[in-house]
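Pasting in a structure now, in structure tokens, and then I'll have a few things to ask.
What follows is calculated from the coordinates using simple rules that are stated; it is not laboratory data. Given the structure is predicted, the values throughout are model-derived calculations rather than measurements. When we count neighbours, we look across all protein chains shown, and the Cβ atoms used for this are built from the backbone with ideal geometry, even at glycine.
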Amino acid sequence: MKSLFAPNAQPTRLVFTSMVIGQGLILLLLWLFYPMQLFPSLGEVFRSLGNLITTQGLIQELWASMTTALQALAVATVLALLISYLTALPFFRPIAYAASKMRYLTLTGLTFFMALLVSSGHQVKLSVLIFGATVYLVTGMTSVILTTTQEEMDHARTLGMGEWRSFYEVVVLGKLDDMLEVVRQNFAIIWTMITLVETLYQSEGGIGLLLYKQNRYLHLDGVLAIQLVILATGALQDYVFVLLRKVFFPYSTLGHA
Amino acid sequence: MTALPYNYKEPLLTLSGISMSFRGEPVLRDINAQVLDVTRPGMNQGQVVGFYGRSGIGKSVLCRIMAGLIAPSAGTVEVGQAQQPVAPGMVGFVQQRYPLFEHRTLLDNLLVAAGRKYAPAEARQHVETYLERFCLAPHRKKYPAHLSGGQRQRAAIAQQLLCSDHLILLDEPFSGLDVAMIDELKRIIVEVTTLDELNTVIIVSHDIVTTTALADRLWLLGYEHDAAGALVPGATISPRHQYNLAEMGLAWHQNVEAEPEFAQFVEHIKQEIRGGLILNN
């Protein structure tokens, strides 16, 4: 137990798991026995969750949002990787710099602009998400590329690799696991954006619109139920990404403290 | 100690008038040195040469120039029997922290290096030979992060040997190693130089004892004063600080460090260093 409060300690797996379960239980008990006036009880949230699933198609809406999110993430990842890798050429560096700074643009303004550019509602939603995710991904990915050291590049060069081959070996192949980590971290941003975009552009529904409706009619139990569903989905996604990293890049966590 | 019989043949590495400045500030000045192919009767005898310099004097810059990774501000580096201008990949360069591709297994690290010179089947054969000779065979499937310091060191040297053309440059190879690991590395260096007559190991180090024990030629980097007594910026190698250890009888002897002549020579070098290696023109 002492190890839980010692700096940089490494508690055993059993101790750590027990601690996490304990913390979860305390949180649950607090929720069960000390309900705040404005905060719906656990029972109400569960009832609302059941209602949302049976009468309002929560699962279908979640699926719709998730497929859109994954679609956007896939396109944004390809775009961001391309923009980031092109920073090897000085000509393209201003583009990556500008793309990174564009994360300060507001989504509301973007939605209107995209609506003028593309025809269908789905396209608007998708393009806004792709844009939003790309600019965040470019920021993370260029930071990863900047961690490349002269020693790493020199090592490749001394093996007779040309500049492009060295870049491919050291930056593209060598940092693919870090890029996946950037994608994992930024996937959460897509969920933040998707709920907002679905609210702004309501023609296609989605979990964001469902959340908006629950908010609008002050169904706090429904709001909490949807938030918990999003939280669980996000946690599951995180787990899948960690699993992918372990499977495809087994070296990535070796030697970490 | 008696000098063992030897002969010199053609040059394998020539540094001519190497100078290097960064933003107008000279780091290296007019460095001249030549490594000749040394031959000994009845055996394969590669070359081990040492460049000694104090910390911060510009040794790593000299390494990068010799490896063809940066062009000097003035002068040329020519390598091989054909004395061609150096280009990246011609000189194997083992950097101080023994970099390897962390995303590749040991076997892949060696294969990617061997693939430069050999066809796939031949490359695999060469890699297997090196894995065996460097006692790395049981670790072939490990990623570099799983290798011990000594294994990593051997892997980095093997990787460079697999794709370089006989010349291999070691930057501060003894830095931070314990006695056992230094002995292990010395064994590897001797092994490398006996693999092929033309194999040449260039040690750039501030460990004077170990470098001298291994080398047959030694150069000391230092600063000079001009006629007016002012310090001339940029480290150089004066004619006085070029030592032919083969001629002095200090090369290729087993356990040379235990010999009184060796101790005397090392003491002489230390005196030079304590004097700041500042020479008067």
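Ignoring everything except DSSP H segments at least 4 long, calculate the 222 nm mean residue ellipticity for chain A; use -39,500 (n - 2.57) per segment, divide by total residues, nearest 500.
Computed ellipticity for chain A at 222 nm equals -24500 deg cm²/dmol.
Just how large is the dipole of chain A about the Cα centre, in debye to the nearest 20, putting +1 at every Lys and Arg Cβ and -1 at every Asp and Glu Cβ?
About 200 debye.
Can you tell me how the range B:96-203 classifies by the Cα gyration tensor, rounded, prolate or oblate, using a/c under 1.5 as the rounded cut?
oblate
Still on this model: State the answer as a single residue: which of A:Thr148, A:Tyr217, A:Leu176 lies farthest towards the positive end of the charge dipole of the range A:41-248, with beta carbon charges of +1 for Lys and Arg and -1 for Asp and Glu, about the Cα centre.
Among A:Thr148, A:Tyr217, A:Leu176, the one farthest towards the positive end of the dipole of the range A:41-248 is A:Tyr217.
Right, next: Over the whole of B:143-151, what's the average partner chain Cβ count within 10 Å per residue? Rounded to a whole number, please.
2
Moving on to the next point. Defining a contact as two alpha carbons under 8 Å apart and six or more residues distant in sequence, what relative contact order in percent does chain A show?
So the answer I get is 23 percent.
List the aspartates and glutamates whose Cα lies under 19 Å from the Cα of B:Lys270, skipping any in the same chain that are fewer than 8 positions away.
B:Glu172, B:Asp207, B:Asp216, B:Glu224, B:Glu257, B:Glu259, B:Glu261
Which order do B:Glu102, B:Glu191, B:Glu267 fall in if you start with the one that has the fewest other Cβ atoms within 10 Å?
If I rank by nearby Cβ atoms, fewest first, I get B:Glu267, B:Glu191, B:Glu102.
Using the Cα centre of the protein assembly as shown as the reference point, and only Cβ charges (+1 on K/R, -1 on D/E), how large is the resulting charge dipole? Debye, rounded to the nearest 20.
Once rounded to the nearest 20, the dipole reads 1580 debye.
Starting from the Cα gyration tensor of chain A, take the square roots of the eigenvalues, sort them a ≥ b ≥ c, and report rounded, prolate or oblate (rounded when a/c is under 1.5, otherwise prolate if a/b is larger than b/c, else oblate).
oblate
Here's something else I'd like to know. Taking +1 at the Cβ of each Lys and Arg and -1 at the Cβ of each Asp and Glu, which of A:Leu244, A:Gln10, A:Ser166 sits farthest along the dipole of chain A towards its positive end, judged by Cα position relative to the Cα centre?
Going by the charge dipole, the pick is A:Gln10.
May I ask you to order B:31-39, B:144-152, A:239-247 by the average number of other C-beta atoms within 10 Å around their residues, highest value first?
The most tightly packed comes first, giving B:31-39, B:144-152, A:239-247.
Quick one: check the C-alpha center-to-center distance for the range B:38-69 versus the range B:122-179, whole angstrom.
Answer, in whole Å: 19.
Further question: Could you tell me whether the protein assembly as shown comes out rounded, prolate or oblate from its Cα gyration tensor? Rule is a ≥ b ≥ c as square roots of the eigenvalues, rounded for a/c under 1.5, then prolate if a/b exceeds b/c, otherwise oblate.
Since a/c reaches 1.5 and a/b is larger than b/c, the shape of the protein assembly as shown is classed as prolate.
Only four residue types carry charge here, +1 at the Cβ of Lys and Arg and -1 at the Cβ of Asp and Glu. Report the dipole size of the range B:50-176 about the Cα centre in Debye, rounded to the nearest 20.
320 debye
Return A:Val135, B:Val190 ranked ascending by Cβ neighbour count within 10 Å, so the fewest neighbours appear first.
Result, fewest neighbours first: B:Val190, A:Val135.
Order the peptides B:58-69, B:238-249 from the highest to the lowest mean number of other Cβ atoms within 10 Å of their residues.
Result, highest mean first: B:58-69, B:238-249.
Can you order the peptides A:137-150, B:82-95, A:45-58, B:154-167 by their average number of other Cβ atoms within 10 Å per residue, highest first?
Per-residue Cβ counts within 10 Å, averaged per peptide and sorted highest first, yield B:154-167, B:82-95, A:137-150, A:45-58.
Using the Cα centre of the range B:54-122 as origin and beta-carbon charges of +1 (Lys, Arg) and -1 (Asp, Glu), tell me which of B:Gly92, B:Leu107, B:Ala74 is placed farthest towards the positive end of the dipole.
B:Ala74
Per residue of A:148-158, what is the mean number of Cβ atoms on other protein chains within 10 angstrom of that residue's Cβ?
6
Next question, about the same structure. Modelling each spin label as a point 7 Å along the Cα-to-Cβ direction, I'd like the A:Leu25/B:Met248 distance in nm, to one decimal.
7.5 nm
By counting other Cβ atoms within 10 Å of each Cβ, how are B:Tyr8, B:Tyr98 ranked from fewest to most?
B:Tyr8, B:Tyr98
Would you list, by chain and number, the lysines whose Cα falls below 17 Å from the Cα of A:Lys175, excluding same-chain residues fewer than 8 positions away?
A:Lys246
If you don't mind, another one. Could you please tell me the mean projected area of the C-alpha convex hull for chain B, averaged over all directions and given in square nanometres to one decimal?
One quarter of the hull surface, i.e. the mean projection, equals 15.5 nm².
Got the relative contact order for the range A:19-125 handy, in percent, Cα pairs under 8 Å and 6 or more residues apart?
Dividing the mean separation by the residue count of the range A:19-125 yields 8 percent.
Could you tell me how far the Cα centroid of the range A:124-168 sits from the Cα centroid of the range A:37-86, in Å?
29 Å
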